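The values are calculated or read from the model by the stated rules, or taken from the named source; none is laboratory data. Remember, predicted model here, so these are calculated numbers, not experimental data. Counting neighbours? That spans all protein chains shown, and the Cβs are built from the backbone with ideal geometry, glycine included. Remember, those area values only see protein heavy atoms, side chains included, never the ligands or the DNA or RNA. Shrake-Rupley method; radii C 1.70, N 1.55, O 1.52, S 1.80 Å.
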Amino acid sequence: HSQAKDIWIKTLGLMHQETATSYNNMGYAYFQNGQYAEADEALVKAVDIREKILGPNHPDKAWSHSFLGSVLAAMGDTTAALEHHREELRIRKKALRENHPYTATPYYRIADIKATLNEFEDSHKNHEKALEIRMSASPSGVHPDVADSYFGISRLLLLEHKYNKREGVLTNGL
């Protein structure tokens with residue numbers, strides 16, 4: 001990814017979508033390898049470039065915020081992670097629509113962070129919204145994202161020690 005970024009900068013310049021995409025991909029690769037500081041640096045560059053060339057509401061900018069939020073959550077900076085996932089949600093709602101399947105993802109991530117902060121009521125609201133969106137995108141309810149939402153709710157119930165409710169949720173996810 002680093003070599004591709006260097007080529008894009010030499011041929012197209014720093015302020016180009018392909019350069020931003022290279023920074024985004026580098027950030028994601030660093031994240032996958034547990035190199036969070038490097039991921040953070042690359043993703044901040046991707047967000048900055050995309051903001052300048054695409055504007056504040058482009059869906060590609062939402063992807064960079066999504067990855068950056070995940071990196072910051074892994075680093076333990078839940079406040080900054082929430083800010084980035086909220087910005088991801090704002091962009092997705094504006095650029096796509098409220099019930100677009102991609103809009104469910106930031107709700108899900110916000111719910112997970114809220115759960116780690118023991119803000120269970122907010123976590124439930126966000127998980128339920130993600131599930132609602134995913135169900136509307138797959139009316140049969142048979143889709144891996146729907147199952148993932150059920151498992152997210154199940155994890156939350158486990159954190160709350162609500163074991164008796166958990167079994168029904170797990171069954172729905174299967």
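Among the GluC sites (Glu not before Pro) in the range 61-101, those located in a DSSP loop and surrounded by at most 16 other Cβ atoms within 10 Å of their own Cβ are 98. Rounded to the nearest 20, the Cβ-based charge dipole of the chain about its Cα centre (Lys and Arg +1, Asp and Glu -1) stands at 380 debye.
Could you grab the relative contact order for the range 78-152? Cα pairs under 8 Å, six or more apart, rounded to a whole percent.
After rounding, I find 27 percent.
Between residue 57 and residue 161, the C-beta separation translates, for a Förster distance of 45 Å, into a calculated FRET efficiency of about 0.65.
Note on the chain: dipole from Cβ charges, positive end direction compared against 156, 57, 138; the farthest Cα belongs to 138. Relative to the longest principal axis of the Cα atoms of the chain, the long axis of helix 163-173 lies at roughly 60 degrees. Mean sequence separation of contacting Cα pairs (under 8 Å, at least six apart), scaled by the length of the chain, corresponds to a relative contact order of 12 percent.
May I ask which of 45/114; 61/129; 94/114; 10/129; 93/114 have a Cα-Cα span longer than 32 Å here? Going by Cα-Cα distance, 10/129 fall outside the 32 Å limit. A 1.4 Å probe run over the protein chains yields, for the range 9-80, 48 Å² of accessible area per residue, whole-number rounding. How tilted is helix 2-12 with respect to the longest principal axis of the chain? Cα atoms for both, answer in degrees (0 to 90, nearest 10). Once rounded, the angle reads 50 degrees.
For the range 64-115, relative contact order (Cα pairs under 8 Å, six or more residues apart, normalised by length) works out to 32 percent. Charge tally around residue 131: other residues with Cβ under 10 Å, Lys/Arg +1 each, Asp/Glu -1 each, net -2. Protein heavy-atom surface of the chain, 1.4 angstrom probe: 53% of the accessible area is carbon and sulfur, with nucleic acids and ligands not counted. Here the extension length gained between residue 116 and residue 16 equals 32.3 nm, from 0.36 nm per residue of separation less the Cα-Cα distance. Using the alpha-carbon positions of the chain, Rg (one decimal) and Dmax (whole number) come out as 17.5, 60 Å.
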